[in-house]
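Q: Below: one structure in C-alpha cells.
The values are calculated or read from the model by the stated rules, or taken from the named source; none is laboratory data. This structure is a prediction, so every number in the text was calculated from the model and none was measured. Backbone-built Cβ (ideal geometry, glycine too); neighbour counts: all protein chains shown. For accessibility, only protein heavy atoms count, side chains too; no ligands or nucleic acids. Shrake-Rupley method; radii C 1.70, N 1.55, O 1.52, S 1.80 Å.
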Amino acid sequence: MTPFRSHTGTAVPLRRRDVDTDQIIPARFCTNPARTGFAGGLFADWRAEPGFVLNDPRHRAATVLVAGESFGTGSSREAAVWALLDYGFRVVVAPSYGDIFRANSLMNGLVTVTAPAPVVDRLQRLSEAGHAEVTVDLERRELRAPGIVHRFPFDADWRDRLLNGLDPIAATLRHEAEIAAYERARRPTPRTTEPRMTHAAL
Amino acid sequence: MAETLAGKIWRTHTVRSGGAGDDLLYIDLQLLHEVNSPQAFDGLRAAGRRVRRPELTVGTEDHTTPTRSVHALDPDPARRRQRSLMAANCAEFGIPLHRLGDPSQGIVHVIGPELGLVRPGMTIVCCDSHTTTLGAFGALAFGIGTSHSEHVLATQTLPIRRPKDMAVVVDGRLPAGVTAKDLVLAVIARTGVAAGHGHVVEYRGQAVADLSMEGRMTLCNMAIEMGARAGLVAPDEVTAAYLGDATADDEAYWRELRTDPGARFDQEVRVSAAGLRPYVSWGTNPGQSVPIDGRVPDPAALADPGLRQAAERALRYMGLRAGTAVRDIAVDVVFLGSCTNARIEDLRAAAEVLAGRKVAAGVRMVVVPGSARVRRQAVREGLDRVFAAAGADFRAAPGCSMCVALGEDRLEPGERAASTTNRNFEGRQGTGARTHLVSPPVAAATAVAGTLAAPSDL
Ligand code: SF4
C-alpha cells in the first residue's frame, strides 16, 4: 500500500446523498480483471450528463471529493475505490459511508474523512466559489481549508497502517500463532451432508 | 451478561480482540464468484501466499453467465475471460467450483444453503454485498471487497470492527398476499437506506417467526439495502426442519443461538405487520417505495433537502410525475429472478398467479431460476409449463441475469421493468433502465395486467 501522510489538493463538490457504487462505477466496467484501468468508468453515466460537476473544467484537477451523506452504499465492488484512485482522487470527505466501501477504501489507501454535514456544506460552498484547496493531514487527523479546521476520527491501527504503507495481510500474519491456536480449539464446522430445501431434496 | 445473537457469534469467532479498533474475526466459510475475485488471486500470487483453508472456500459462476443455454458460447470475450480466470484460479488453489452446467451451479447466495454449507452460528463472507441473505440461518454473513476476500483467502480471518446491534421487530401477522419482500420494502421505506450503517440487524417478532426459510432469506438479503452490515434471524424449528436430520447432533449448540432476554440493542425499529400491503418502489433506491394502492409521492412534501433533491432526481430518471397512481404505471418487462426472489417458493408464488392467464400483449416476462436445483424442482412441479402457457420466457440456465445486467440479459434505455430484484439504482438493469422493485406475486400480476398490479387486482 502506498503510504499516506498528508495530502493537499483541490476539492470538488458532489451534492448528492446515498451515492451508490453502481453510480461510482457501473457494473459493465467491472469485467476488467485488474486493479487498475477503471478511470474511464468513474461516474460514467453521470459524466454523460453535461451539467455533472466532474465535467466542469474548474474541477478537472480535483483530488478531494466532497460528497453527501452515506457515500458508497450498495454493492461490494472494490472497483468503486479503484476508479476513484485511478481518476486521481486521494481523499473523500462525507458525513457517512457505506460500510463495505469504507473498508475497501482503507485497504487501498483512499482516505475517507468523516465530517459533519455543516462542515461538508462549507467545504462544498468553498469549492463552488473557487477556493477549494484542502489539506488532509492524517498524522494529526485534521482537515484544513480556508476558515475550516476539522479534527476527524480515524481508527488508530488503520492510521498507523496508512501512514507507514503497511500491508494488512502481513500485519495479520504476524498473529499466525493465534490463528492456528484458534483453529485447533475451534469446533469443526459441521456440514449438512444432504442438501435440503423445504421442498423434497433433489 | 445478556448478549445478542450477533454478539455471541462474534465473541466465539474472535481470534484476537482489538479493543476499540478492529477485532480479528475467524471466518468459517468464504464463497466466491467470478466477478471481484481475479484480483484477489493475483494478489496472493504476487506475495507468494497460499489459500490457508481451501476446504472452507467454495466458488460458483453466476454474475455473467448466459441464461438461454448452458452450451451457448458467450459472445463477450471479457466475460469469457473472467470465467476462465475463475476456473484457473480455483484449480490452482484447490477450491471447489460450480461452473455453468454443473448440477449445483447458481447464484452464490442461493446455492450456499442448497449445498448444506450454511449453518447457524457460522461466520460467512463473500465478495458480494447480498451475502447478508445467509443470515436467515442465524449465521453472521456479510459482504466484503476484493482486498478483504484476499485477506480471508490468505489468513481465514478478517480485521473488522464489531458492529452495533439493531433490532427490527415485526409484531403481528402478515396479511394474506403480503410477502417477505413487501415487508422488507416497507421497513426500508420507513428507515431509509442508511439507517443500518455499522449495524447487524436482527429481525424479530411474530411475523418473522412465521416466515419460511425462503422468506427469511429474502428479508436478510435486503438488510444491505438499509445499509446494514448483516441481517439475522435466530434459528428455530423452521430452520431445523429446513436443515434436516444432519442438525440433530448439534441441536443443543444452536438452540443457544438466540438473543438473551434483556440484551440491549443500540437501535430498535418496530413495525406492525397487520396493516401492510404489497409494496412497490417508485424511485432509484429501495427506500423510495410505497404501497401498491399508493401514489408517486411529491418531493416538495419532503422536509430534508437532500432527500427532496434525491426524490426530484429519481422522478426525472424514472420518467414519473408526482401524484400518479402506482397502479397506472405501465411496464415493458417483468423480471422474476435474483438472489432476492428466485428460489422455488418465489417461482411457485408467481406460477400460481400466472396459471390460466396470459402475459399482457407488449410485455416481456423473463423468469431466471436462482440455481440449477431450483430449476430442476420447478420442472418437476410443472412450473415450466405454467410459465410457457402464460407466455413467459423461462430460462434454461440460472444466474444473476437482468438483476445486474452484466451478462446478455438487460433492459434497453428507457425501458421500464417490474423486477423481483433488490436494487432499483440508476442503470442497474441496463443504462437508462427503469426498475420497480416488487414481490413475485406482484411481478406475475403486473405481467398479466401490463401495469403495476397485485394478484387481487386481476
Ligand atoms: S442476483 Fe443480483 S444482487 Fe444477487 S448476487 Fe446476483 S447480481 Fe448480486
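Q: Take the stretch B:423-451 and flag every residue that is in a strand (DSSP E or B) and either open to solvent by less than 20 Å² (accessible area, probe 1.4 Å) or not assigned by TED's automatic domain parsing to the domain that holds B:E345 (or both). Can you show your working first?
A: Step one: list which residues in the stretch B:423-451 are in a strand (DSSP E or B), which gives B:434-437, B:451.
Answer for the stretch B:423-451, where residues must be in a strand (DSSP E or B) and either open to solvent by less than 20 Å² (accessible area, probe 1.4 Å) or not assigned by TED's automatic domain parsing to the domain that holds B:E345 (or both): B:T435, B:H436, B:L437.
Q: Okay, moving on. Take the stretch A:142-161 and flag every residue that is at pLDDT below 95 and of a type in the set (A, V, I, L, M).
A: The answer is A:A156, and nothing else.
Q: Now for a different question. For the stretch B:388-399, which residues satisfy the criterion of being open to solvent by less than 10 Å² (accessible area, probe 1.4 Å) and within 16 Å of the ligand (Cβ to nearest atom)?
A: B:A397, B:P398, B:G399
Matching residues to (1) out of contact with any Cys (no Cβ under 8 Å at 6 or more places or on another chain); (2) of a type outside the set (G, A, S); (3) open to solvent by 30 Å² or more (accessible area, probe 1.4 Å); (4) within 16 Å of the ligand (Cβ to nearest atom):
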residue: A:R15; (1), (2), (3), (4): yes, yes, yes, no
residue: A:D18; (1), (2), (3), (4): yes, yes, no, no
residue: A:P50; (1), (2), (3), (4): yes, yes, yes, no
residue: A:L54; (1), (2), (3), (4): yes, yes, no, no
residue: A:A67; (1), (2), (3), (4): yes, no, no, no
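Q: Across the stretch B:117-146, what is the total count of residues that are within 7 Å of another protein chain (Cβ to nearest Cβ) and either open to solvent by 10 Å² or more (accessible area, probe 1.4 Å) or farther than 26 Å from A:M1 by Cα (or both)? Walk me through how you get there before you give the answer.
A: Applying the first criterion (within 7 Å of another protein chain (Cβ to nearest Cβ)) to the stretch B:117-146 yields B:117, B:119, B:122, B:127-129, B:143-146.
Filter once more, so that each one left must be either open to solvent by 10 Å² or more (accessible area, probe 1.4 Å) or farther than 26 Å from A:M1 by Cα (or both): B:117, B:119, B:122, B:128.
Adding up the residues that qualify gives 4.
Q: Given A:R35, A:R5, A:R58, A:R47, which one is under 22 Å from A:I100 (Cα atoms) and basic (K, R)? Quick ask: steps written out before the conclusion?
A: Numbers: A:R5 fails: under 22 Å from A:I100 (Cα atoms); A:R58 fails: under 22 Å from A:I100 (Cα atoms); A:R47 fails: under 22 Å from A:I100 (Cα atoms).
Just one listed residue meets the conditions, A:R35.
Q: Of all residues in the stretch B:216-241, which are open to solvent by 10 Å² or more (accessible area, probe 1.4 Å) and either among the hydrophobic types (A, V, I, L, M, F, W, C) or over 24 Å from A:G98 (Cβ atoms) (or both)?
A: Residues satisfying the conditions are B:I224, B:A234, B:D236, B:E237, B:V238, B:A240, B:A241.
Q: Same structure again: Kindly indicate whether B:L211 is without any contact (Cβ under 8 Å) to a residue 40 or more places away in the chain, touching a helix residue (DSSP H, G or I) at 6+ places or on another chain (Cβ under 6 Å) and not basic (K, R).
A: Here the answer is yes, as B:L211 does meet what is asked.
Q: Within the stretch B:93-102, is even one residue part of a strand (DSSP E or B) and either closer than 30 Å to B:A240 by Cα or within 23 Å of the chain's Cα centre (by Cα) (or both)?
A: Within the stretch B:93-102, one or more residues are part of a strand (DSSP E or B) and either closer than 30 Å to B:A240 by Cα or within 23 Å of the chain's Cα centre (by Cα) (or both).
Q: For the stretch B:92-106, state whether one or more residues are within 10 Å of chain A (Cβ to nearest Cβ) and either within 16 Å of the ligand (Cβ to nearest atom) or surrounded by fewer than 24 Cβ atoms within 10 Å (Cβ to Cβ) (or both). Give the derivation first.
A: Restricting attention to the stretch B:92-106, the residues satisfying the condition of being within 10 Å of chain A (Cβ to nearest Cβ) are B:103-104.
Narrowing further to those that are either within 16 Å of the ligand (Cβ to nearest atom) or surrounded by fewer than 24 Cβ atoms within 10 Å (Cβ to Cβ) (or both): B:103-104.
Yes, the stretch B:92-106 contains at least one residue that is within 10 Å of chain A (Cβ to nearest Cβ) and either within 16 Å of the ligand (Cβ to nearest atom) or surrounded by fewer than 24 Cβ atoms within 10 Å (Cβ to Cβ) (or both).
Q: Say whether the condition of being assigned to a helix (DSSP H, G or I), open to solvent by less than 20 Å² (accessible area, probe 1.4 Å) and within 12 Å of the ligand (Cβ to nearest atom) is met by at least one residue in the stretch B:403-413.
A: Initially, the stretch B:403-413 is screened for residues assigned to a helix (DSSP H, G or I), giving B:403.
From the residues that got through so far, the ones that are open to solvent by less than 20 Å² (accessible area, probe 1.4 Å) too are B:403.
Add one more test, that the residue is within 12 Å of the ligand (Cβ to nearest atom), and what stays is B:403.
For the stretch B:403-413, residues assigned to a helix (DSSP H, G or I), open to solvent by less than 20 Å² (accessible area, probe 1.4 Å) and within 12 Å of the ligand (Cβ to nearest atom): present.
Q: Only strands (runs of 3 or more DSSP E) wholly contained in the stretch A:129-187 count here; list those with 1 or more residues that are in contact (Cβ under 8 Å) with a residue 12 or more places away in the chain and either at positive phi or open to solvent by 60 Å² or more (accessible area, probe 1.4 Å) (or both). Can you show your working first?
A: Values: elements: A:133-137, A:142-145, A:148-151.
Hits in the stretch A:129-187: A:133-137.
Q: State which residue is nearest to the ligand (Cβ to nearest atom) when the search covers only the stretch B:364-374 and only residues that are open to solvent by less than 30 Å² (accessible area, probe 1.4 Å) and more than 14 Å from chain A (Cβ to nearest Cβ). It would help to see each step written out before you state the result.
A: From the stretch B:364-374, those open to solvent by less than 30 Å² (accessible area, probe 1.4 Å) are B:365-374; that's our starting set.
Next, only the ones that are more than 14 Å from chain A (Cβ to nearest Cβ) stay: B:365-368.
Details: B:M365: 17, B:V366: 13, B:V367: 14, B:V368: 9 Å.
This residue is B:V368.
Q: Exactly one condition in (1) of a type in the set (G, A, S); (2) in contact with a Leu (Cβ under 8 Å, 6 or more places away or on another chain); (3) more than 14 Å from chain B (Cβ to nearest Cβ) is false for A:G130; which is it?
A: Against the list (1) of a type in the set (G, A, S); (2) in contact with a Leu (Cβ under 8 Å, 6 or more places away or on another chain); (3) more than 14 Å from chain B (Cβ to nearest Cβ), A:G130 comes up short only on (2).
Q: Could you check the stretch A:65-90 and list, in sequence order, the residues that are of a type outside the set (A, V, I, L, M, F, W, C) and within 13 Å of chain B (Cβ to nearest Cβ)?
A: Of the stretch A:65-90, the ones of a type outside the set (A, V, I, L, M, F, W, C) are A:68-70, A:72-78, A:86-88, A:90.
Scanning the stretch A:65-90 gives A:G68, A:E69, A:S70, A:G72, A:T73, A:G74, A:S75, A:S76, A:R77, A:E78.
Q: Same structure, new question: Right, B:A47: at the interface with chain A (Cβ under 9 Å from one of its Cβ atoms) and away from the ligand (no atom under 14 Å from the Cβ) or not? I'd like the intermediate steps shown before the answer.
A: Details: at the interface with chain A (Cβ under 9 Å from one of its Cβ atoms): yes; away from the ligand (no atom under 14 Å from the Cβ): yes.
Here the answer is yes, as B:A47 does meet what is asked.
Q: Working only within the stretch A:114-128, note down all residues that are crowded, with 16+ Cβ neighbours inside 10 Å and either hydroxyl-bearing (S, T, Y) or under 19 Å from B:H197 (Cβ atoms) (or both).
A: Taking the stretch A:114-128 as the starting set, the residues that turn out to be crowded, with 16+ Cβ neighbours inside 10 Å are A:114-115, A:119-124, A:126-128.
Across the stretch A:114-128, the qualifying residues are A:T114, A:A115, A:V119, A:V120, A:S127.
Q: Okay, moving on. Hey, could you check the stretch B:180-201 for residues that are within 16 Å of the chain's Cα centre (by Cα) and charged (D, E, K, R) and say which is farthest from the other protein chains (Cβ to nearest Cβ)?
A: B:D182
Q: How many of the residues in the stretch B:54-76 are touching a His at 6+ places or on another chain (Cβ under 9 Å) and either free of Cβ contacts under 8 Å to residues at least 60 places away in the same chain or small (G, A, S) (or both)?
A: Residues flagged as touching a His at 6+ places or on another chain (Cβ under 9 Å) and either free of Cβ contacts under 8 Å to residues at least 60 places away in the same chain or small (G, A, S) (or both) within the stretch B:54-76 amount to 3.
Yes or no, residue by residue, for (1) within 16 Å of the ligand (Cβ to nearest atom); (2) buried (at least 21 other Cβ atoms within 10 Å of the Cβ):
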{"residue": "B:V269", "(1), (2)": "no, no"}
{"residue": "B:G275", "(1), (2)": "no, no"}
{"residue": "B:G283", "(1), (2)": "no, yes"}
{"residue": "B:P291", "(1), (2)": "no, no"}
{"residue": "B:R295", "(1), (2)": "no, no"}
{"residue": "B:R308", "(1), (2)": "no, no"}
{"residue": "B:G337", "(1), (2)": "yes, yes"}
{"residue": "B:R376", "(1), (2)": "no, no"}
{"residue": "B:E381", "(1), (2)": "no, no"}
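Q: Does B:T60 meet the test of being under 30 Å from B:E202 (Cβ atoms), in contact with a helix residue (DSSP H, G or I) (Cβ under 6 Å, 6 or more places away or on another chain), more than 16 Å from the ligand (Cβ to nearest atom) and modelled with pLDDT of 95 or more? Spell out the reasoning first.
A: On the way: under 30 Å from B:E202 (Cβ atoms): yes; in contact with a helix residue (DSSP H, G or I) (Cβ under 6 Å, 6 or more places away or on another chain): yes; more than 16 Å from the ligand (Cβ to nearest atom): no; modelled with pLDDT of 95 or more: yes.
It is false that B:T60 is under 30 Å from B:E202 (Cβ atoms), in contact with a helix residue (DSSP H, G or I) (Cβ under 6 Å, 6 or more places away or on another chain), more than 16 Å from the ligand (Cβ to nearest atom) and modelled with pLDDT of 95 or more.
Q: Given the residues B:E3, B:E34, which is the only one that is out of contact with any Gly (no Cβ under 6 Å at 6 or more places or on another chain), more than 23 Å from A:L106 (Cα to Cα), away from every other protein chain (no Cβ under 11 Å) and among the acidic types (D, E)?
A: B:E3
Q: Considering only residues that are of a type in the set (V, I, T) and away from every other protein chain (no Cβ under 11 Å), which ones fall in the stretch B:6-31?
A: At the first step, the residues of the stretch B:6-31 found to be of a type in the set (V, I, T) are B:9, B:12, B:14-15, B:27.
Correct list: B:I9 only.
Q: Regarding B:V118, is this residue at pLDDT 95 or above and within 16 Å of the ligand (Cβ to nearest atom)?
A: Details: at pLDDT 95 or above: no; within 16 Å of the ligand (Cβ to nearest atom): yes.
Judged against the criteria, B:V118 is not a match.
Q: Could you tell me whether the stretch B:73-83 includes any residue that is assigned to a helix (DSSP H, G or I), outside the structural domain of B:A396 (by TED's automatic domain parsing), of a type in the set (S, T, N, Q) and closer than 26 Å to B:N422 by Cβ? Can you show your working first?
A: Filtering the stretch B:73-83 for residues assigned to a helix (DSSP H, G or I) gives B:77-83.
Filter once more, keeping what is outside the structural domain of B:A396 (by TED's automatic domain parsing): B:77-83.
Restricting the remaining residues to those that are of a type in the set (S, T, N, Q) gives B:82.
This time we only want the ones that are closer than 26 Å to B:N422 by Cβ, so: B:82.
Within the stretch B:73-83, one or more residues are assigned to a helix (DSSP H, G or I), outside the structural domain of B:A396 (by TED's automatic domain parsing), of a type in the set (S, T, N, Q) and closer than 26 Å to B:N422 by Cβ.
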